[in-house]
Amino acid sequence: MQEIQLKQVQRALTFFDALGIKYKLITPEGEEFGVLEVKLPQTRRPRRPLAYPMGEVRKFYRPFIDLNATIGSVQLVPAGDYNPEKVRSGVSSLLKEQWGKGNYVTHVVGNSIEVMRTA
């Protein structure tokens, strides 16, 4: 930073101090002025590893679900080699999108999921 630029910065800082303004100024050379603490931007936490590749479970259970099912009808969705609770979670997500919250019930029976449309 040139000397003339530094003088103008000092002049501005004196003015800020007189007004009671809190500030943090960092020059291109890295010289710091002021009392405020500089916080670095937070980095996102890494995503936890998936149990199965993205979309694999949905691709498995999707053919077993009839979205045009009548009220009171029961559908049986096998879990296959997947964790039944993972399949149930995915089925519930799909049905919530299609039928709405509270319009179906699910139940895990052995290695299958029973689905009944209620409204």
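Here, each number is a calculation from the coordinates, and none is a lab measurement. Predicted model only: the values in this text are computed from it and were never measured. For neighbour counting, all protein chains shown are included, and Cβ atoms are generated from backbone atoms with ideal geometry for every residue, glycine included.
Mind pulling the angle between the C-alpha long axis of helix 84-99 and the longest principal axis of the chain? Nearest 10 degrees, somewhere in 0 to 90. With rounding to tens, the tilt is 80 degrees.
Taking only DSSP H segments of four or more residues, each worth -39500 (n - 2.57), what value at 222 nm results for the chain once the sum is divided by all its residues, to the nearest 500 deg cm²/dmol? Could you put the intermediate results ahead of the total?
Values: 3 runs with 39 residues, N = 119.
Dividing the helical sum by the residues of the chain leaves -10500 deg cm²/dmol.
Work out the length of the dipole vector of the chain about its Cα centre, built from +1 on the beta-carbon of each Lys and Arg and -1 on the beta-carbon of each Asp and Glu, and round it to the nearest 20 debye.
320
Tell me the relative contact order for the chain as a rounded percent, counting alpha carbon contacts under 8 Å between residues six or more apart. Don't jump to the answer; show the numbers that get you there.
Working: 115 pairs, mean separation 22.8, N = 119.
Relative contact order for the chain comes out at 19 percent.
What's the local net charge at Gln98, with K and R +1, D and E -1, over the other residues with C-beta under 12 Å away? Present the calculation step by step, with values, prior to reporting the outcome.
Values: positive: Arg62, Lys96, Lys101, Arg117; negative: Asp66, Glu97.
Local charge sum for Gln98: +2.
Give the angle, between 0 and 90 degrees and rounded to the nearest 10, that separates the Cα long axis of helix 3-19 from the longest principal axis of the Cα atoms of the chain. Long axis of 3-19 versus the principal axis of the chain: about 70 degrees. When the scattering of region 57-119 is computed by the Debye formula from its Cα atoms alone, each counted once and equally, what is log10 I(q)/I(0) at q = 0.14 Å⁻¹? Log10 of I(q)/I(0), two decimals: -0.32. Dipole of the chain computed with +1 at Lys/Arg Cβ and -1 at Asp/Glu Cβ about the Cα centre; of Gly30, Gln42, Gly20, farthest Cα towards the positive end is Gln42. In the set (i) 19.7; (ii) 15.3; (iii) 14.3, the label that goes with Kirkwood radius over Cα pairs in Å computed for this structure is (i).
If we sort 93-99, 44-50 on the protection proxy, mean other Cβ atoms within 10 Å, highest first, what's the order?
Working: 93-99: 14.0, 44-50: 6.1.
The most tightly packed comes first, giving 93-99, 44-50.
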